[in-house]
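Have a look at the structure below before the remarks.
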Amino acid sequence: MPMAGIYGPKDLGGSLAVHPAQPAPQSRQQQAHGREFAMPSLEWTPEVERATAHLYERVKNVISPVEWPLMAPYIKAINELKVTRNAVILAHNYQTPEIFHCVADIAGDSLQLAIEATKVKSDIIIQCGVHFMAETSKILNPNKTVLIPDSRAGCSLAASITGADVRLLRERFPGVPVVAYVNTSADVKAEVDICCTSSNAVQVVESLNVPTVIFLPDQYLARYVASQTKVKIIAWKGACEVHERFTGDELRAYREADPSVQIIAHPECPPDVLAEADFTGSTAHMINWVRNKHPKRVVMITECSMADNVQAELPDVEMVRPCNLCPHMKRITLAKILDSLVYLREEVVIDPVIAEKARRSVERMINLKN
Ligand code: SF4
C-alpha cells in the first residue's frame, strides 16, 4: 500500500518544541547504593591474562592480540564490580565485540532488551546502548537504578520528534492511532498508542485493526511497513543517520564484485537499498538469517559492529563490512562502563507521570508479543 502522507515539524505549522540533538545529562544516585568504590587496577598482568583467557576465545577472530591487553584489565574489573554492585549489563547488537561478548549479561535488539529488562532482578541496570534504550529500561523498571555510561549517546531518530509534535499530529488526524518506533524519547512514547520495534512493526500496525495509522518517526521503516500491509501509513520525516547513508549503487557494486554474495539489510535503509537486498529484517532477524543460512559471504547493511559480533560467533562466514558506525553507540566504551559501576553514573531519571504513560505504550507492545 503506498504511504498516505509524510510529515515533519514544518508541515504542522512549526512546533514550539525543542528538538534536542542530545538528551540532557542526568543526575547521579550514589546515596541509594552506598559509597563510591575505588577505581580498580587496570594493569595487564599474568593474573588478568588468566582470568580473561576464556573471554578472549570468544572474540579472538575480531580483536587482535595486540589490542587485548588494553581491554582485558577493564573487562576483568567490570565483571567483578558488577557482581559486587548487583548490577546487570544490557548491550545492544551495535555495541563493540569487547562489550557485546565480554561484559554483557544480556545482548540483543531493542525488543529483546526491552523484554529482558522486565525480568531483571538486579538493583542496577547498566544500559550499553543509546539514551532512548536506557529510558525504556527505566520505564519498565521504575524502582531500579538505570545507568547509561554516557548520557550524550543520542539517536537521530529519537531527536527528530517530540511529544508536542505527536499532539499536533493527533490534531491534524483526529482518531487515527499512533504507533511509535521504540527509537523515541519517553516524552514521545507517553503520547502514542503503542510502540513497536523493527522486528514487530508490521504485526503492531495490523494489531490495531484500523484502515490508517500514524507511524513515526522513521520514514524508511514506515515505507517498508507500508509495503508489507494494506493499512494506510501516515509517516514522519525522521531517519537514522547510519542507515540513510547506504545507497542502491553501493549494493550493486558489491554484487558486481561477487555475484554469489548475499546482501541483507535493515528496514531503516532507503527503499532503493532494500530493493537490492536478498533479505530485509531487524538486527535480530538478520543475525538469525546468517545463523540459519550460513552463507559463504555476506554483506550486512547495518551498523558496522554487528558484523563484528556475528563474525566472532561464526568465524567461517566471510563478512564484507561496509563500515557505517553509529557515533552515538560508539560513545559507550569499556572505560565509561567501569566509571558507571565505580561512580554510579549517569542515572536515567524520567518524570513519573510521563513514565507511567510511556509504560502503557511499551507494555502494550510487549503483551502483543507474548
Ligand atoms: S544506528 Fe541509527 S537508529 Fe540506531 S542509535 Fe544510531 S542513529 Fe539511532
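The values are calculated or read from the model by the stated rules, or taken from the named source; none is laboratory data. All of these numbers come straight from a predicted model, not from anything done at the bench. Here the Cβ is made from the backbone with ideal geometry for all residues, glycine too, and neighbour counts use every protein chain on show. Remember, those area values only see protein heavy atoms, side chains included, never the ligands or the DNA or RNA. Shrake-Rupley method; radii C 1.70, N 1.55, O 1.52, S 1.80 Å.
Filtering H294, H285 for residues that are away from the ligand (no atom under 14 Å from the Cβ), more than 18 Å from C155 (Cβ to Cβ) and more than 23 Å from the chain's Cα centre (by Cα) leaves a single hit, H294. Among the helices (runs of 4 or more DSSP H) confined to the range 162-222, the ones with at least 1 residues that are within 13 Å of Y7 (Cβ to Cβ) are located at 163-172. Has the range 252-268 got any residue that is within 15 Å of the chain's Cα centre (by Cα), under 30 Å from R172 (Cα atoms) and not acidic (D, E)? Yes - at least one qualifying residue is present in the range 252-268. Taken over the range 191-212, the residue count meeting the criterion of being open to solvent by 10 Å² or more (accessible area, probe 1.4 Å) and at pLDDT 95 or above is 12. In this structure, is L334 touching a residue at least 12 places away in the same chain (Cβ under 8 Å), over 19 Å from R255 (Cα atoms), in contact with a Cys (Cβ under 9 Å, 6 or more places away or on another chain) and away from the ligand (no atom under 16 Å from the Cβ)? It is true that L334 is touching a residue at least 12 places away in the same chain (Cβ under 8 Å), over 19 Å from R255 (Cα atoms), in contact with a Cys (Cβ under 9 Å, 6 or more places away or on another chain) and away from the ligand (no atom under 16 Å from the Cβ). Taking the range 42-154 as the region of interest, the strands (runs of 3 or more DSSP E) fully inside it that hold 2 or more residues being within 16 Å of the ligand (Cβ to nearest atom) and of a type outside the set (S, T, Y) are 87-92, 106-108, 124-128. In summary, A284 fulfils each of the numbered conditions (1) touching a Ser or Thr at 6+ places or on another chain (Cβ under 6 Å); (2) buried (at least 22 other Cβ atoms within 10 Å of the Cβ); (3) not charged (D, E, K, R) with the single exception of condition (2).
Checking each residue in the range 321-338 for being open to solvent by 40 Å² or more (accessible area, probe 1.4 Å) and part of a helix (DSSP H, G or I) picks out K330, R331, A335, K336. Can you work out which of the residues in the range 241-273 that are β-branched (V, I, T) and touching a residue at least 40 places away in the same chain (Cβ under 8 Å) is surrounded by the most Cβ atoms within 10 Å (Cβ to Cβ)? Looking at the filtered set, the residue picked out is V242. Reported count of residues in the range 94-104, each being surrounded by fewer than 24 Cβ atoms within 10 Å (Cβ to Cβ) and touching a Leu at 6+ places or on another chain (Cβ under 8 Å), is 2. Listed conditions (1) modelled with pLDDT of 95 or more; (2) more than 16 Å from the ligand (Cβ to nearest atom); (3) in contact with a Pro (Cβ under 7 Å, 6 or more places away or on another chain); (4) closer than 21 Å to D150 by Cα are all met by E346, apart from (1). Taken over the range 172-193, the residue count meeting the criterion of being touching a residue at least 40 places away in the same chain (Cβ under 8 Å) and more than 18 Å from the chain's Cα centre (by Cα) is 7.
Taken over the range 224-240, the criterion of being open to solvent by 10 Å² or more (accessible area, probe 1.4 Å) and within 16 Å of the ligand (Cβ to nearest atom) is satisfied by Y224, K237, A239, C240. Tallying residues that are open to solvent by 10 Å² or more (accessible area, probe 1.4 Å), aliphatic (A, V, I, L, M) and touching a His at 6+ places or on another chain (Cβ under 9 Å) within the range 105-138 yields 2.
Any residue in the range 213-223 that is under 27 Å from P322 (Cα atoms), touching a residue at least 40 places away in the same chain (Cβ under 8 Å) and among the β-branched types (V, I, T)? No: the range 213-223 contains no residue that is under 27 Å from P322 (Cα atoms), touching a residue at least 40 places away in the same chain (Cβ under 8 Å) and among the β-branched types (V, I, T). Filtered by the rule that a residue be of a type in the set (V, I, T) and farther than 30 Å from T184 by Cβ, the range 66-118 gives V66, I75, V83, T84.
For the range 155-176, a residue qualifies if it is more than 10 Å from the ligand (Cβ to nearest atom) and open to solvent by less than 20 Å² (accessible area, probe 1.4 Å), and the qualifying residues are I161, T162, G163, D165, V166, L169.
I301 falls short of the stated requirement of being more than 18 Å from the chain's Cα centre (by Cα), of a type in the set (V, I, T) and closer than 26 Å to M3 by Cβ. All of V353, V349, V342 fail the test of being in a helix (DSSP H, G or I), open to solvent by 50 Å² or more (accessible area, probe 1.4 Å) and not aromatic (F, W, Y), apart from V353.
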